[in-house]
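Reading through the structure tokens given below for one structure.
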Amino acid sequence: MSLSAEHAATLSPESLVVAAGRPPRARDEPVNPPLVLSSTYFGTGPLGDGDRGYGRYSNPTWDPFEEALGQLEGADLPGLLYASGLAAVSSALSLVPANGVLVMPSHSYAGSVTMASEMAAKGFLELRTVDIADTNAVLAAIAPAGGRAASMLWLESPTNPMLGIADMRALADAAHEAGAIVVTDNTFSTPLVQQPLSLGSDVVLHSVTKYLSGHSDVVLGALVTSDADLRAALLHHRTIHGGIAGPFEAWLALRGLRTLALRIERSQASAQTLAERLSGHPRVAGIRFPGLAPDPGHERAKAQMKGFGSVLCIEVAPVDGGTGRLSGAEAADRLVRALHLWLPATSLGGVESLIERRRRHAAEPDSVPENLVRLSVGIENVEDLWSDLKQALDTLDG
Ligand SMILES: *Cc1c(COP(=O)(O)O)cnc(C)c1O
């Protein structure tokens, strides 16, 4: 690749997303890495064994994205791409030894909690779920007096969808003292907003499906670490379990990454504006967004993030009067149906603004309110986003 690690370390993230992962600067080389569609590589027999071997071991189209993501997270090593965020979760959880203790936020991504719960049900590990914003509760779960200490601490901050904020540095230090590995799902923040390795985490996880790709057109995951032994174990797991990325998805992800800084800048600013306006609206009974000063995670987020992300949640007030009665959940469903610009769909982190009532998913825990609506703010004009929300909220007026 043409960008040396030394030069990369001097660049700001806004430049790195554009400059990282380019082919060598040689005459007639393309400025973008090519898409390589091949399941095997020359290199056996008279040619001697090559380094790539077979398409499940490596693909040249993965390399530029893996290198760019490693540099963005401030890691000493390239990242590892996976078929999906959950394939990356599976690989990360393989680092828990047999019968080891896993401490995980109760409001982690639902798929991560489901996977860990199923492993626990089979007796592969012991799962302790905690409110990750409650530092004392997490410390007690990591190293309980007289009990077994954790082998892995899973962090997600902000959590999905409750947007709780963990004290990442304090929790990572306590986990290390107890001998645990710390894995942080950094999907909601991206390395431009939060760098878990610099806050003590050992492994960073991404659903690349979300902000990193940014266009809601691929499903991919990634892990990043500076620890060579951990990376080797993860690479081995990826190769043997086969959760590898398709080359075209990898190519699209790098293309999406080029505009990450601009997209984050716009969507974070719009999320802040929308959160401020929504918090004063009579049809909004509650709001969760760490960028608002009264939010319980505000001070912590300010200390460890660069901005507050662009996902926010509102609780829609029940309606009583005029056109009739609606529970909060019914009012939330009506709000979502009344929108024209916002897309009623799950997922987040794309250029398009998405909205959904989370409890429509059976896997969402009861602790998420029925009337909670998650908004992923995209890059559209903020006034257009606001007027669409406002007209939809106004349809709820009884
Ligand atoms: C979407 C998501 C995942 C899972 O990623 P997939 O790419 O859908 O497999 C994991 N963690 C978080 C925080 C997510 O938002």
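For the chain, the C-alpha radius of gyration divided by 2.2 N^0.38 Å, with N the number of residues, is 1.02.
Peptides 209-218, 354-363, 183-192 ranked from most to least packed give 183-192, 209-218, 354-363, packing being the mean of other C-beta atoms within 10 angstrom over each peptide's residues.
Simple rule: put +1 on each Lys or Arg Cβ and -1 on each Asp or Glu Cβ in segment 5-257, find the dipole, and look at P34, L93, V17; the Cα lying farthest toward the positive end is P34.
With one equal scatterer per alpha carbon and no solvent term, the Debye-computed log10 I(q)/I(0) for segment 140-262 at 0.10, 0.12, 0.13, 0.20 1/Å reads -0.36, -0.51, -0.59, -1.19.
Using Stokes-Einstein with the Kirkwood hydrodynamic radius over Cα pairs, what translational diffusion coefficient do you get for segment 123-212 at 4 °C and a viscosity of 1.567 mPa s, in µm²/s rounded to a whole number?
97
Straight-distance candidates among the lysines for linking to K302, with alpha-carbon spacing under 28 Å and chain neighbours fewer than 8 residues away dropped: K210.
For the pair A140 and S117, label points projected 7 Å from Cα toward Cβ lie 2.2 nm apart. Positive contributions from Lys and Arg (+1) and negative ones from Asp and Glu (-1), summed over other residues with Cβ under 13 Å from the Cβ of S270, come out at -4.
Looking at the chain, the DSSP beta bridges with both ends there are about 60 percent antiparallel.
Full extension of the chain between A170 and D394 yields a length gain of 76.3 nm, computed as 0.36 nm times the residue separation minus the alpha carbon distance. When each of the peptides 238-246, 106-114, 119-127, 57-65 is scored by the mean number of other C-beta atoms lying within 10 Å of its residues, the order from highest to lowest reads 57-65, 106-114, 238-246, 119-127. Angle check, please: helix 110-121 long axis (alpha carbons) against the longest principal axis of the chain (alpha carbons), in degrees 0 to 90, nearest 10. Helix 110-121 sits at roughly 70 degrees to that axis.
Of the listed peptides 263-271, 66-74, what is their order by residue-averaged count of other C-beta atoms within 10 Å, with the highest listed first?
So the order, starting with the most tightly packed, is 66-74, 263-271.
Within the shell of other residues whose beta carbon sits under 13 angstrom from the beta carbon of T346, the net charge comes to +3, with Lys and Arg scored +1 and Asp and Glu -1.
Computed about its Cα centre, the charge dipole of the chain is approximately 360 debye, with only Lys, Arg, Asp and Glu carrying charge at their Cβ. For H7 and N32, a Förster radius of 22 Å and the Cβ-Cβ distance give a FRET efficiency of 0.70, rounded to the nearest 0.05. The residues neighbouring S279, those whose beta-carbon lies less than 13 Å from its own, together hold a net charge of 0 under the Lys/Arg +1, Asp/Glu -1 convention.
Here, each number is a calculation from the coordinates, and none is a lab measurement. Given the structure is predicted, the values throughout are model-derived calculations rather than measurements. Using ideal geometry, Cβ is built from the backbone for each residue, glycine included, and neighbour counts are taken over all protein chains shown.
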